[in-house]
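To start, the structure under review is shown below, and the notes come after it.
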Amino acid sequence: MPLLSSASGQQQKELPSLIILKSEAGEPRNSLEDGSAKYEGEFSKWNNGGGVFHSLACIDPTAVIEVGAIVHSKAMVGANVHIGSGAVIGPAVSIGGSTKIGYNAVLSNCSIGDSCAVYNGVCIGQDGFGFFVDDQGNMVKKPQLLNVRIGNNVEIGANSCVDRGRLLIMWSLEGAALSVDKSELQVLQRDYVTLGGRVAVRDHVSVASKVRLAANSCVTKDISEPGDYAGFPAVPAREWRRQVANQRRISKQGGS
């Protein structure tokens, strides 16, 4: 994808390219070919939307960064990306072409594929909630070191959280749709998986392609066959409906 490292303060069809210069003290600095200096660490206003970007970010000129949004150092933003007001794109985050980032979303330690929709208030790539008890009985935080990778054509619902893992990279692959709070889930989720609101997925669980999970389901073991699932623990939706009907019938018999 075409990338842009910086932009001048004037409106023009072709933005000047970035060149690296040395200051008298030998420190590197950024400078535009029109002579306006951009020192390392400096943020500038993005003309297409009014947001703010770091001089070391790589942004396609067709991207829109709305007022109040910020793109940090070494982030990569592809063509036709739209970043809403209040969004924060952290250092070294990568966003593929035609992806939309909603208001107040926060992205860190992650890469997002093409044609994704990340809705308002989503947090991706923050530390998972992981602790262990040492020999002295103290709670010690587990290091959360790996990144989140989101594939193409993925939608992530408003206020969802996708944390980065400790041992396994978390994946949301092609065509997935998420509307769920995921906290330190080291999960393999395959293509075209749909998770309803408040679905819980245990760690170290694999979910097969084309699985749909009803709201409030809890996945406690691997799901290897595509289809609709529901309940706690999650079972095929038809079986779950039978369980609910049987419980209702037994309850009525007990009350009569």
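Quick notes on this one:
- Those strands (runs of 3 or more DSSP E) of the stretch 157-256 in which at least 2 residues are modelled with pLDDT under 80 and surrounded by 13 or more Cβ atoms within 10 Å (Cβ to Cβ), considering only elements entirely within it, cover 170-172.
- Hey, Ile89 farther than 18 Å from Asn152 by Cβ, crowded, with 20+ Cβ neighbours inside 10 Å and under 16 Å from the mean Cα position of the chain (by Cα) or not: yes
- Scanning the stretch 121-135 for residues that are free of Cβ contacts under 8 Å to residues at least 24 places away in the same chain and of a type in the set (S, T, N, Q) turns up nothing.
- Extreme residue, nearest to Gln144 (Cα to Cα), among residues of the stretch 66-125 that are among the charged types (D, E, K, R) and part of a strand (DSSP E or B): Lys100
- The one condition in (1) at pLDDT below 85; (2) under 25 Å from Gly97 (Cα atoms); (3) not hydrophobic (A, V, I, L, M, F, W, C) that Gln144 fails to fulfil: (2)
- Val140 meets each of the listed conditions (1) in a loop (DSSP other than H, G, I, E, B); (2) surrounded by fewer than 17 Cβ atoms within 10 Å (Cβ to Cβ) apart from (1).
The values are calculated or read from the model by the stated rules, or taken from the named source; none is laboratory data. Please read these numbers as outputs of a predicted model, since none were measured by experiment. FYI the Cβ positions are ideal-geometry reconstructions off the backbone, even for glycines, and counts take in every protein chain you see.
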